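This report concerns only the one structure given below.
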Amino acid sequence: MIEHEAISDGRSVAPAGDAEDERWCMAVRLLGRVEKHLDETLQRRHGLPLSEYRALCALSRPDSGPALRMGELADRIGLKDSTVTRLVGRLETQGLARRTAAPGDGRAVAAGITETGRQRYAEATPTYRAALGSALDTSMANAYLADLAAWVRTGESAVESAHRTPERNPR
């Protein structure tokens, strides 16, 4: 009998099995490899850690408006609120971001990107994208990572693509 465990919202779910655990470990492995490559490349070529690049990316998006609340920025880049506060402090010291009062609530703190930050982000983006493509292509050579890397690269599963029959020429 499969044990079900209540999760935080009260629903009962079946625990993950060995296969799901293994696939999750492979996903984490791919993420770790890609992020390490991105971080090393951005640091070497632009002196910009991956976390700072991601923050500039989030702050530069049109849907971010003039500033994002720290909690929203943390959610968008997958970091804890306290980590993002320190991150924004580093960006502010470099003139890449600024702290402001959150729109609509002067008590809350928000972060906005400066023009220098936009320029730095624009300069680093081609390097980031080239490094991402390289890391994904390298991962496609690993049998365990290939399907996930292919999905990130193309939006399609490599396994599904391999099982499709080619369309016949309609002539």
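At a probe radius of 1.4 angstrom, the accessible area of the chain per residue rounds to 67 square angstrom.
Evaluated with a Cβ-only charge set (Lys, Arg +1; Asp, Glu -1), the range 96-138 carries a dipole of roughly 200 debye about its Cα centre, given to the nearest 20. Taking amide H as placed 1.01 Å from N in the peptide plane, the amide H of L48 sits under 5 Å from that of Q43, each at least 5 places away or on another chain. Placing unit charges on each Cβ (+1 for Lys and Arg, -1 for Asp and Glu) gives the chain a dipole about its Cα centre, and among C25, A150, A131 the Cα reaching farthest toward its positive end belongs to A131. Close amide H pairs (under 5 Å, H built 1.01 Å from N) link A97 with E92, T114, residues at least 5 positions away or on another chain. The heavy atoms of I77 present about 20 square angstrom of accessible area, all protein chains included, probe 1.4 Å. Compared with the rule-of-thumb size 2.2 N^0.38 Å for a compact globular protein, the range 60-128 has a Cα radius of gyration ratio of 1.07. Computed from the C-beta positions of N142 and A16 and an R0 of 22 Å, the FRET efficiency is 0.50 to the nearest 0.05. Within the accessible area of the range 48-117, the carbon and sulfur atoms contribute 52%, probe 1.4 Å, all protein chains present.
Against the main long axis of the alpha-carbon atoms of the chain, helix 115-139 sits at an angle near 20°. Axis angle, to the nearest 10 degrees, between helix 81-93 and the longest C-alpha principal axis of the chain: 60 degrees.
Among D75, D137, D18, D39, the order of accessible area from largest down is D18, D75, D137, D39, computed with a 1.4 Å probe on protein heavy atoms. The residues V88, V13, sorted by heavy-atom accessible surface at 1.4 Å with ligands and nucleic acids left out, run V13, V88 from largest to smallest.
All Cα-Cα distances of the range 42-87, cut into 5 Å bins from zero to the largest, leave 5, 23, 31, 21, 14, 6, 0 percent in each bin in turn.
The percentage of C-alpha pairs in the chain whose separation is greater than 23 Å is 57%.
Between helix 18-46 and the chain there is an angle of about 40 degrees, using the helix long axis and the longest principal axis of the Cα atoms. Given a 1.4 Å probe and the protein chains as shown, S134 ends up with an accessible area of around 50 Å².
Extending 7 Å from Cα along the Cβ direction at R86 and again at E156 yields two label points whose distance is 4.4 nm.
What you get for the range 48-166, charging only the Cβ of Lys and Arg (+1) and of Asp and Glu (-1), is a dipole of about 380 debye around the Cα centre.
The values are calculated or read from the model by the stated rules, or taken from the named source; none is laboratory data. Just so we're clear, the structure is a prediction, and the values are computed from it rather than from any experiment. Cβ: placed from backbone, ideal geometry, glycine included. Neighbour counts: every protein chain shown. Accessible surface areas use protein heavy atoms only, side chains included; no ligands, DNA or RNA. Shrake-Rupley method; radii C 1.70, N 1.55, O 1.52, S 1.80 Å.
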